[in-house]
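K.L.:
I'd like to ask some things about the structure below.
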Amino acid sequence: MNTSELNALISLLDDPDEVIYDQISGQILSQGAKIVADLELAWENSKSVLQQQRIENLIQKIQFSATSDALTHWIETGGSNLLEGALIVARYQFPDLNEKKLYGYIDQLKQDIWLELNPNLTALEQVRVINHILFEVHQFVGNTNDFHHPNNSFINMVLESKRGNPLSLSIIYAILAQKLSMPIYGVNLPQHFILAYMGGENTFGLYDLDKNKEVLFYINAFSKGTIFNRNEVESYLQQLNLKANENYFYPCNNIEMIKRMINNLIFSFEKMGNEKKSNDMKLLIKSFKN
């Protein structure tokens with residue numbers, strides 16, 4: 001569809017006839033994400049409230065479809081890139097986010113940590129270096145004042161504001177650690193999310209989560225990297241009156257982390273009264289097999 005044909009369809013979006021709107025919207029939606037800029041320009045130039053509302057609705061549908069397709073592909077190809085999974089979710093809310101800038105900042109954080117490391121450091125000393133760079137130098141912190149805000153789950157906003165929830169801070173922490181060949185992975189606790197520093201063989205930052213289940217210690221990214229042991233995890237579960245399921249002590253995979261991120265967003269949007277976006281997140285959850 002060329003520009004003149006697209007503009008002709010957009011001009012008809014203020015027709016009050018819903019049948020005509022359904023036909024037009026179907027043709028516009030079939031063009032995909034490449035026409036979002038044209039729709040945004042049309043919205044700015046429109047003097048019709050109905051037309052603007054319909055354009056907004058079409059843009060939201062296109063963005064959701066793009067997010068859903070990208071998430072499905074990421075899951076089906078193994079979800080090996082945790083940062084990409086988090087960015088896919090973020091693009092739902094911020095389709096124009098500057099990925100180059102975000103990757104650049106992640107590389108800067110990695111470099112800052114790397115400069116403080118040396119091969120003789122113990123696992124605890126390595127973690128203290130990460131904690132120093134993340135929480136003292138760059139001043140990342142858990143957002144206790146507005147804990148349930150959706151922005152705490154969008155990685156671009158967490159990197160920009162340096163405020164996040166337990167999951168988003170753990171994701172950033174794990175991404176950096178694994179880039180530096182440290183075997184640090186997320187642990188999917190009920191009502192919380194922590195990290196585990198794994199022992200055993202570790203090759204180029206890759207860890208076999210199925211074969212080796214030796215946890216050296218745990219890390220709480222939400223409380224500036226506090227280090228603790230299995231007994232404290234058990235005490236936490238007792239406070240919640242939960243049985244000590246072994247899944248609560250060992251790492252989960254990237255796909256499970258992103259699934260939890262979307263579940264967090266369902267709760268956040270519901271708490272804000274944004275039913276539309278909450279329902280979108282519920283549809284995204286269906287991309288996961290389990």
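K.L.:
So, Lys61, is that one farther than 28 Å from Ile172 by Cα, in contact (Cβ under 8 Å) with a residue 12 or more places away in the chain and within 27 Å of the chain's Cα centre (by Cα) or not?
P.N.:
yes
K.L.:
Among the small types (Gly, Ala, Ser) and more than 19 Å from the chain's Cα centre (by Cα): is that true of Ser268 in this structure?
P.N.:
Judged against the criteria, Ser268 is not a match.
K.L.:
For segment 160-174, how many residues are surrounded by fewer than 20 Cβ atoms within 10 Å (Cβ to Cβ) and part of a helix (DSSP H, G or I)?
P.N.:
2
K.L.:
Additional query: If you go through segment 124-148 one residue at a time, how many are in contact (Cβ under 8 Å) with a residue 40 or more places away in the chain, part of a helix (DSSP H, G or I) and buried (at least 16 other Cβ atoms within 10 Å of the Cβ)?
P.N.:
The qualifying residues number 6.
K.L.:
In addition: Hey, does segment 238-261 have a residue that's assigned to a helix (DSSP H, G or I) and basic (Lys, Arg)?
P.N.:
yes
K.L.:
Tell me the residue from Leu109, Leu87, Leu71 that is outside the structural domain of Asn156 (by TED's automatic domain parsing), within 22 Å of Gln178 (Cβ to Cβ) and in contact (Cβ under 8 Å) with a residue 60 or more places away in the chain, please.
P.N.:
Leu71 is the lone residue from the list that is outside the structural domain of Asn156 (by TED's automatic domain parsing), within 22 Å of Gln178 (Cβ to Cβ) and in contact (Cβ under 8 Å) with a residue 60 or more places away in the chain.
K.L.:
Same structure again: Name the pairs: first residue in segment 154-179 and farther than 23 Å from Phe267 by Cα, second residue among the small types (Gly, Ala, Ser), Cβ to Cβ under 6 Å, at least 6 apart or on different chains?
P.N.:
Tyr173/Ala221; Ala174/Gly186; Gln178/Gly205
K.L.:
For segment 1-40, which residues satisfy the criterion of being outside any helix (DSSP H, G or I) and of a type in the set (Ser, Thr, Tyr)?
P.N.:
Hit for segment 1-40 is Ser30, nothing else.
K.L.:
Here is a list of conditions, (1) farther than 20 Å from Met272 by Cα; (2) modelled with pLDDT of 95 or more; (3) touching a strand residue (DSSP E or B) at 6+ places or on another chain (Cβ under 7 Å); (4) of a type outside the set (Ser, Thr, Tyr), and Val158 meets all of them except one; can you say which number that is?
P.N.:
So the condition that Val158 fails would be (1).
K.L.:
What number of residues within segment 193-217 satisfy the criterion of being assigned to a loop (DSSP other than H, G, I, E, B) and at pLDDT below 95?
P.N.:
14
K.L.:
Kindly establish whether Ser48 is over 22 Å from Pro95 (Cα atoms), out of contact with any strand residue (DSSP E or B) (no Cβ under 7 Å at 6 or more places or on another chain) and modelled with pLDDT under 90.
P.N.:
Yes.
K.L.:
Of the conditions (1) of a type in the set (Ser, Thr, Tyr); (2) at pLDDT 95 or above; (3) over 26 Å from Glu40 (Cβ atoms), Ser80 clears all except one; give me its number.
P.N.:
(2)
The values are calculated or read from the model by the stated rules, or taken from the named source; none is laboratory data. These figures come from a predicted structure and were not determined experimentally. Every residue, glycine among them, receives a Cβ derived from its backbone with ideal geometry; neighbour counts consider all protein chains shown.
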